[in-house]
1. Over the stretch 6-104, how many percent of alpha carbon pairs lie in each 5 Å bin up to the one with the longest distance?
2. When a footprinting reagent is the concern and you count Cβ atoms within 10 Å, what order do Glu47, Glu91 take, fewest first?
3. For Ile26, Ile2, Ile42, Ile9, which order do you get if you count the other beta carbons within 10 Å of each Cβ and list the fewest first?
4. For the chain, with only Lys/Arg (+1) and Asp/Glu (-1) charged at the beta-carbon, what is the dipole magnitude about the Cα centre, in debye rounded to 20?
5. Between the DSSP loop rule and a limit of at most 15 other Cβ atoms within 10 Å, which trypsin sites (Lys or Arg not before Pro) in the stretch 1-99 are left?
6. For the chain, set up a GNM with springs between Cα atoms under 10 Å and report which of Thr41, Thr12, Thr99 has the largest fluctuation.
7. Would you calculate, for the chain, the mean residue ellipticity at 222 nm contributed by helices, counting each DSSP H stretch of 4 or more residues as -39,500 (n - 2.57) and dividing by all residues, to the nearest 500?
8. Around Thr67, under 11 Å between beta carbons, what's the net of Lys plus Arg minus Asp minus Glu among the other residues?
Amino acid sequence: MIVRTTSEITGTDRDVAEAGWRSKRIVLGGDGVGFSFHETTIEAGTEHEFHYRNHVEAVWLVEGDGTLEDLDNGVTYDLGPGSMYLLNGHEKHRLRTRTRMRMLCVFNPPVTGKEVHDENGVYPLVAVD
Ligand code: 9YT
């Protein structure tokens with residue numbers, strides 16, 4: 001069994017930030033369970049494009065609101081506390097925050113912690129050592 005708290009990973013290499021967003025990865029590929037589990041916060045009034053070509057991601061919004069645009073078909077969804085979106089088709093997407101969002105995200109296959117977004121907002125598939 002593994003038990004962790006947010007405070008013990010804050011400021012470590014499991015706590016990553018890029019412009020406008022920050023993500024604390026409480027479970028990573030190295031934990032060996034087939035998924036990774038993240039708490040992502042995105043600042044108010046920001047816009048982000050992501051495209052997880054190699055991963056399936058579920059995102060459960062706990063706090064905040066904004067919109068999610070599916071860039072594969074142009075459909076836009078309103079998001080608020082309790083909204084969940086599942087990228088089961090590797091959809092390229094744009095998140096726009098009205099207020100600061102806090103969301104819980106699961107990735108399969110797991111993120112290892114070594115990925116960086118490339119110029120298209122894609123994470124490469126990185127094997128666990
Ligand atoms: C909202 C979202 O896509 N979060 C993904 C996790 C974050 N980009 C990370 O931990 O790298």
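Bear in mind these aren't lab numbers, they're just calculated from the coordinates by the rules spelled out. Everything numeric here is computed off the predicted structure, so don't read it as measured data. As a convention, Cβ positions derive from the backbone with ideal geometry for all residues, glycine included, and neighbour counts pool all protein chains shown.
1. 3, 13, 22, 26, 21, 11, 4, 1, 0
2. So the residues, fewest neighbours to most, are Glu47, Glu91.
3. The most exposed by this proxy come first: Ile2, Ile9, Ile26, Ile42.
4. Magnitude of the dipole: close to 260 debye.
5. Passing sites in the stretch 1-99 are Arg4, Arg53, Arg98.
6. So, out of Thr41, Thr12, Thr99, the one fluctuating most is Thr12.
7. Helix-only estimate at 222 nm: -500 deg cm²/dmol.
8. -2
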